[in-house]
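Have a look at the structure below, then the notes.
The values are calculated or read from the model by the stated rules, or taken from the named source; none is laboratory data. Fair warning: this is a prediction, and the values are worked out from it, not measured in the lab. We place every Cβ from the backbone using ideal geometry, glycine too, and count neighbours over all the protein chains shown.
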Amino acid sequence: MLFSLVLSLAAILSPALAVPFNEPRALPTPISAASAKTLLAQLTVNATSNSPAYDRDLFPHWITISGTCNTRETVLKRDGTDVVTNSACTATSGTWVSPYDGATWTAASDLQIDHVVPLKEAWISGARLWTTAQLTVNATSNSPAYDRDLFPHWITISGTCNTRETVLKRDGTDVVTNSACTATSGTWISPYDGATWTAASDLQIDHLVPLKEAWISGARLWTTAQRQVFANDLTRPQLVAVTNAVNTAKSDKDPTNWVPSLTSYQCTYARAWIQVKSYYDLTIDPAEKTALTNILNTKC
């Protein structure tokens with residue numbers, strides 16, 4: 001049976017609060033009861049909401065903290081005594097006392113790291129609204145230089161269908177394909193400009209967050225395998241079938257310099273941009289954040 005240890009990211013991520021691993025165990029100390037009462041009175045009382053629906057993947061967790069150690073491994077070292085880890089930072093021995101039930105354990109596999117405020121609870125009580133304020137604002141960098149070939153794309157998705165062909169089938173109506181999965185007929189409406197097309201050759205598949213934009217805002221630090229996942233992501237709103245000329249005009253611009261001409265889609269575009277950047281932990285530059293904030297405030 002698995003038991004829980006208390007997780008406090010503040011104690012890990014803030015140098016002022018971090019506990020050296022060679023010192024005795026010291027769980028983060030909560031505020032006093034008096035302070036808790038004061039803060040409780042200040043919290044907004046409101047009905048919770050799970051719209052849009054909670055997805056644990058919207059909270060990237062167990063990130064690298066130091067060296068080979070992720071958040072879980074860091075908490076295990078912090079909250080245990082005489083903890084020994086291997087080169088991968090996996091705890092191979094130690095002693096842990098679970099503060100929730102007082103049980104003592106000597107195997108890290110018997111423990112889980114608890115989010116004191118669960119991720120879903122955070123979501124339904126406000127985290128679903130977190131957007132640009134939670135994105136890291138930073139200057140972009142194109143060093144080393146961007147190369148589109150570093151993002152393997154249009155990989156095989158199913159049978160003979162690659163990513164482009166899969167998006168064309170998904171985004172069109174009455175789409176007919178041949179044995180090679182090439183769309184031979186169908187109807188597509190480009191959401192960026194509202195144009196209707198009946199030939200797949202009139203459409204390009206847009207990476208909503210362009211590959212170069214991803215590169216300069218963090219993807220240059222990824223592995224090629226990670227960039228392939230990003231370039232072929234069918235789960236998030238990252239791939240859209242749009243008018244050829246429109247996609248060419250957009251190129252690798254961010255919302256500071258380009259948004260869809262169809263004003264009714266600009267809110268959707270900004271929300272999708274934020275979702276993708278947030279999921280992949282990509283940064284935004286100050287002008288980009290201003291542009292996105294303006295769209296959210298005026299178009300949504």
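Couple of notes before you dig in:
- Matching residues, region 281-294, being surrounded by fewer than 20 Cβ atoms within 10 Å (Cβ to Cβ) and among the hydrophobic types (A, V, I, L, M, F, W, C): 287
- Breaking point among (1) assigned to a helix (DSSP H, G or I); (2) touching a residue at least 24 places away in the same chain (Cβ under 8 Å); (3) farther than 25 Å from residue 202 by Cβ, for residue 281: (1)
- When region 209-237 is limited to residues that are within 13 Å of the chain's Cα centre (by Cα) and of a type in the set (D, E, K, R), the one that is farthest from residue 162 (Cα to Cα) turns out to be 236.
- Restricting attention to region 70-118, the residues being surrounded by 15 or more Cβ atoms within 10 Å (Cβ to Cβ), out of contact with any Ser or Thr (no Cβ under 6 Å at 6 or more places or on another chain) and of a type in the set (A, V, I, L, M, F, W, C) number 8.
- Spans of strands (runs of 3 or more DSSP E) in region 75-127 with at least 2 residues assigned by TED's automatic domain parsing to the domain that holds residue 65 and closer than 30 Å to residue 47 by Cα: 111-115
- Count of region 64-96 residues, restricted to those that are β-branched (Val, Ile, Thr) and in contact (Cβ under 8 Å) with a residue 60 or more places away in the chain, is 4.
- The number of residues in region 259-280 being farther than 16 Å from residue 238 by Cβ and either of a type in the set (Gly, Ala, Ser) or surrounded by fewer than 18 Cβ atoms within 10 Å (Cβ to Cβ) (or both) comes to 5.
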